[in-house]
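A.B. asks: Encoded as structure tokens, here's the structure I'll be asking about.
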Amino acid sequence: LGWNHALLWNTPTTVTDLGTLGGVSSDAYGINDFGQVVGRSNNGASTHAFTWTHSTGMVDLGTLAGGVSEAYGINNVGQVVGHSGGRAFVWEAETGMVDLNGLTDPASGWLIQEGDAINDNGWIAAYAYHLNLPDGLAAHTVLLLPDTKIEVAIDIKPGSATNPVNLKSNGTTPVAIL
């Protein structure tokens, strides 16, 4: 019996073996529009999440606290989601692997165990357990939205301009964000 290797089907006649992290097997689980692949690979001692590109080859993403990690989704920005040690993560080249549970309110009662997909806006489809619900430890599908801040420039033209401000409006100013 042989071991499996993750493959990238490039054209109808070309297949690329993505290799391993030094162990005997690898599995691919996700790909983005740029051909960046994510998955898991044995490194000889454990199984770790990886990213793969034509230019870098297979890159070990590590783990949150040792043990096993697997990557399931990658967006076109290069953000990767998966799980490590029973906890969901998001990985970026600038920050490395970050536990998604550290980005949520601990008082919420949710334990996010696995990130499965991420879109280009950073929205993450995951599954989680709510530790205080009557259904016990039943898994729930959750959507995680990043805490984004939108900067808005407001052009106020008092007087007879097309968007006048009524200075007698008791401190309220109507604003439209377009």
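The values are calculated or read from the model by the stated rules, or taken from the named source; none is laboratory data. None of these values were measured; they are calculated from a predicted model. For the accessible areas, the whole protein counts, side chains as well, though only heavy atoms, and no ligand, DNA or RNA atoms are used. Shrake-Rupley method; radii C 1.70, N 1.55, O 1.52, S 1.80 Å.
A.B. asks: Can you compute 3J(HN,Hα) from phi for each residue in segment 46-53, using the Karplus curve 6.51 cos²θ - 1.76 cosθ + 1.60 with θ = phi - 60°, rounded to whole Hz and x for Gly and Pro?
C.D. replies: Per-residue couplings from phi come out as 8, 10, 10, 5, 9, 10, 9, 9 Hz.
A.B. asks: If you don't mind, there's one more thing I want to ask. Express in Å², to the nearest 10, the accessible area of residue 110 obtained by rolling a 1.4 Å probe over the protein heavy atoms while all chains stay in place.
C.D. replies: Solvent-accessible area, nearest 10 Å²: 90 Å².
A.B. asks: Here's another thing I want to ask about it. Rank 34, 89 by accessible area, highest first, at a 1.4 Å probe radius?
C.D. replies: The residues order as 34, 89, largest area first.
A.B. asks: Now, a different point. In whole Å, largest first, what are the principal axis extents of the Cα atoms in segment 1-138?
C.D. replies: Taking max minus min along each principal axis of the Cα atoms, segment 1-138 gives 52, 35, 28 Å.
A.B. asks: Compute the distance from the alpha-carbon center of segment 64-80 to that of segment 1-57, in whole Å.
C.D. replies: Between the Cα centre of segment 64-80 and that of segment 1-57, the gap is 13 Å.
A.B. asks: Ignoring ligands, DNA and RNA, how do 95, 16 rank by accessible area with a 1.4 Å probe, largest first?
C.D. replies: 95, 16
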